[in-house]
Each structure stands twice: as C-alpha cells, then as structure tokens.
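Let me begin by presenting the structure, written as structure tokens, before commenting on it.
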Amino acid sequence: MKEQLSEQQETLYLEYHDKVFRLIMGKVNNEAVAQDLTSDVFVKVCAKLDTFDGNKASVSTWIYRIAQNTVIDYYRTRKVYAEVPEEIPYEGEIDDDLLNDEMLTELAEALKQLPERDRDLIILHYYRGMTLKEAAERIGMSYSNAKLVHNKSLVTLQRLLSKEE
C-alpha cells in the first residue's frame, strides 16, 4: 500500500522540486543522476520534516542544505575526484531564492569565525574577484600557501554552514 504525502509535504515538493533539480543538475551535469538525487532529497525532506526547526533556518535554506549534502554524499560514495580549476566560469542566471538574505547572513557569520588572514583571502578571491595568486600577493603569502589556506578555509566554512542544517 502506497503511503500518502501530507499536504505540507506535497506543497514543499511542488514549490521546491524544480529549484532543487536545477541546483543539483548544475553540480552533477547528468539529468538521470540529477533526477535520482532530487528524489533522494525529497525522501529526506519528507522523512525529517517533523524535526525541522523554523527558528534555526528557513525551509528553503534547510532544503537547499539537504540538496547540497546529498550531492556531496553522491560524490563521496562514488569516489569521483576531479581537479577543480581556480576560476570556474558560470553561465546563466543565479536563482534569487538560492542567494537569499538568510543564506548570506549565515555565510557572513561563518566567515567571521575564520582567522583574519584566511577570511581576507576568501574575501579578496570571491568578493573582490582576484585570482588566488593576486590575493596571495596582496596578503603577503606564497601562492602555494594560499592554495592550502583556501582549501582549508572552504572545508571549515562548509563544516560551519552544515551545522545550520
């Protein structure tokens, strides 16, 4: 016997399915995998909906975090590794729902927890548009050290932001 979705679960699915699919499709670039992962996200959303705390985050932030973690788990379990270029070109429109004020506030709070040098490197690279090499020169560190600090900082930010889920 097939279990019926609650009205709230159905509403969330209808409102966020396409947005979550686009987010995942941008990360995996494979429609079949993106559809499977999107389904996985909504299975998790439905299973954990009763544990969602609206005081900690908005529903959209919670769902997008689940989607991001699902993609991370997908790559982790398949041990798919690729060299990520320093500059990643982006084509297309940024969905306003993905970059809402709440997510930016959470990111700002996480950035405040980084050491000043690490935070400066991230800000110069991502917000000022400098290459890692330019940012490293500006801060007075070697390029190889900047790459290490950059990677460590991203891992730290990811860890800090995943606590928000």
ask   = Restricting the search to segment 127-165, which residues are modelled with pLDDT under 85, touching a helix residue (DSSP H, G or I) at 6+ places or on another chain (Cβ under 6 Å) and surrounded by fewer than 17 Cβ atoms within 10 Å (Cβ to Cβ)?
value = Glu164, Glu165
Filter result (exposed (fewer than 15 other Cβ atoms within 10 Å of the Cβ), of a type in the set (Asp, Glu) and assigned to a helix (DSSP H, G or I)) within segment 37-73 = Asp50, Asp73
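When you scan segment 45-52, do you find a residue that is farther than 19 Å from Lys163 by Cβ and out of contact with any helix residue (DSSP H, G or I) (no Cβ under 7 Å at 6 or more places or on another chain), even just one? Quick ask: steps written out before the conclusion?
Filtering segment 45-52 down to residues farther than 19 Å from Lys163 by Cβ leaves 46-47, 49-50.
Keeping just the survivors that are out of contact with any helix residue (DSSP H, G or I) (no Cβ under 7 Å at 6 or more places or on another chain) gives 47, 50.
There is at least one residue in segment 45-52 that is farther than 19 Å from Lys163 by Cβ and out of contact with any helix residue (DSSP H, G or I) (no Cβ under 7 Å at 6 or more places or on another chain).
Taking the condition modelled with pLDDT of 85 or more, aliphatic (A, V, I, L, M) and under 26 Å from Val71 (Cβ atoms), does Leu114 pass? Can you show your working first?
Values: modelled with pLDDT of 85 or more: yes; aliphatic (A, V, I, L, M): yes; under 26 Å from Val71 (Cβ atoms): yes.
Answer is yes for this residue.
Can you find a residue that is touching a Ser or Thr at 6+ places or on another chain (Cβ under 7 Å) and not acidic (Asp, Glu) anywhere in segment 128-136?
Step one: list which residues in segment 128-136 are touching a Ser or Thr at 6+ places or on another chain (Cβ under 7 Å), which gives 136.
Adding the requirement that they be not acidic (Asp, Glu) leaves 136.
Yes.
Conditions tested, residue by residue: (1) assigned to a loop (DSSP other than H, G, I, E, B); (2) within 24 Å of Ser58 (Cβ to Cβ).
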| position | (1), (2) |
| --- | --- |
| Asp120 | no, no |
| His125 | no, no |
| Glu134 | no, no |
| Glu137 | no, no |
| Met141 | yes, no |
| Lys147 | no, no |
| Lys152 | no, no |
| Thr156 | no, yes |
| Leu160 | no, yes |
query = Does any residue in segment 16-38 that is closer than 14 Å to Thr70 by Cα and in contact (Cβ under 8 Å) with a residue 40 or more places away in the chain come within less than 6 Å, Cβ to Cβ, of a residue that is surrounded by 13 or more Cβ atoms within 10 Å (Cβ to Cβ) and among the polar types (S, T, N, Q) six or more places away or on a different chain, and which pairs are these?
reply = Val20/Thr38; Ile24/Thr38
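The values are calculated or read from the model by the stated rules, or taken from the named source; none is laboratory data. Since the structure is predicted, the reported quantities are computational estimates derived from the model, not experimental observations. Neighbour counts are summed over all protein chains in view; Cβ atoms, including those assigned to glycine, are modelled from backbone coordinates with ideal geometry.
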